[in-house]
1. Is it true that Ala46 is of a type in the set (A, V, I, L, M), touching a residue at least 24 places away in the same chain (Cβ under 8 Å), exposed (fewer than 14 other Cβ atoms within 10 Å of the Cβ) and farther than 22 Å from Leu187 by Cα?
2. Which pairs do you get when a residue that is in the same structural domain as Arg83 (by TED's automatic domain parsing) and of a type in the set (Ser, Thr, Tyr), found in the stretch 120-131, comes within reach of a residue that is part of a strand (DSSP E or B) and crowded, with 22+ Cβ neighbours inside 10 Å, reach meaning Cβ atoms under 7 angstrom, with the pair 6+ apart or on two chains?
3. Taking the stretch 148-172, which residues are in a loop (DSSP other than H, G, I, E, B) and either within 22 Å of the chain's Cα centre (by Cα) or of a type in the set (Ser, Thr, Tyr) (or both)?
4. Would you mind finding the one in Leu200, Leu176, Leu187 that is within 21 Å of Ile97 (Cα to Cα) and buried (at least 16 other Cβ atoms within 10 Å of the Cβ)?
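The values are calculated or read from the model by the stated rules, or taken from the named source; none is laboratory data. What you see is a predicted model, and the numbers here were worked out from it, not measured in a lab. As a convention, Cβ positions derive from the backbone with ideal geometry for all residues, glycine included, and neighbour counts pool all protein chains shown.
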Amino acid sequence: MRRVLVIATMLAVLFAGCGRKKRVRVAPPPAPAPTVTAGSTEEGIASWYGHPYHGRPAANGEIYDMEKLTAAHRTLPLGTWVRVESLENHKTVDVRINDRGPFHEGRVIDLSHAAAKAIDMIGPGTARVRLEVISLPAAAGPALFAVQVGAFRDKSNAERLRHEMEVKYGAARLVLRPGDPPLWRVLVGSEPTQAGAGSLRERIKSDGGSNGAAFVVRVDS
């Protein structure tokens with residue numbers, strides 16, 4: 001009788017163990033990158049630029065005129081209208097994005113001379129600002145993003161870095177910024193989201209693949 005009880009107890013434990021389902025922890029999917037829409041905002045440091053870029057082609061192909069209300073931004077579609085508010089004096093100016101930049105850590109927009117003058121930023125050179133997207137171009141096209149790892153006046157130096165990046169990360173290209181002298185930008189990757197390009201940027205920086213700053217930028221056709 002005692003032996004029967006022991007066997008019954010063992011069988012109960014065995015079946016109870018078989019009945020339990022092993023819990024598998026599933027990592028939550030990554031949050032989607034925020035979509036830029038009219039009303040989207042951003043805060044950071046603004047700077048301004050004039051000479052020697054005045055009179056040279058901007059990223060959208062038009063000739064940059066520092067006395068028009070335009071600006072450079074790294075990721076907003078070209079043709080986007082943005083309201084820039086100085087958080088120091090609360091003056092505002094509306095600008096059209098027609099160029100790429102600024103390529104300095106911590107800065108979010110490069111204003112034309114006229115736009116900087118409108119919010120009293122000429123003297124100090126920089127100001128903390130709040131950006132609000134007023135409108136986006138009707139035909140912005142599908143977004144692609146890359147990581148800018150360098151900009152060179154000497155094309156051979158740019159080509160050397162491009163080749164190094166291509167070997168390590170699979171895709172890299174040169175983008176010409178016309179001027180006298182011209183500037184050769186080195187872009188790595190081609191990601192459909194800013195988040196994807198941001199992950200690539202962190203990988204490049206952790207690998208030591210960029211001697212200086214690396215920036216996520218929109219790839220323009």
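1. The answer is no for Ala46.
2. Partner pairs satisfying both residue conditions: Thr126/Ala46.
3. Of the residues in the stretch 148-172, the ones in a loop (DSSP other than H, G, I, E, B) are 153-154, 170-171.
Gly170, Ala171, listed by residue number.
4. Among Leu200, Leu176, Leu187, only Leu187 is within 21 Å of Ile97 (Cα to Cα) and buried (at least 16 other Cβ atoms within 10 Å of the Cβ).
Residues checked against (1) within 15 Å of Ser86 (Cα to Cα); (2) assigned to a loop (DSSP other than H, G, I, E, B):
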position: Pro102; (1), (2): no, yes
position: Val108; (1), (2): yes, no
position: Ala116; (1), (2): yes, no
position: Ile122; (1), (2): yes, yes
position: Arg128; (1), (2): yes, no
position: Ile134; (1), (2): no, no
position: Ala138; (1), (2): no, yes
position: Gly141; (1), (2): no, yes
position: Ala146; (1), (2): no, no
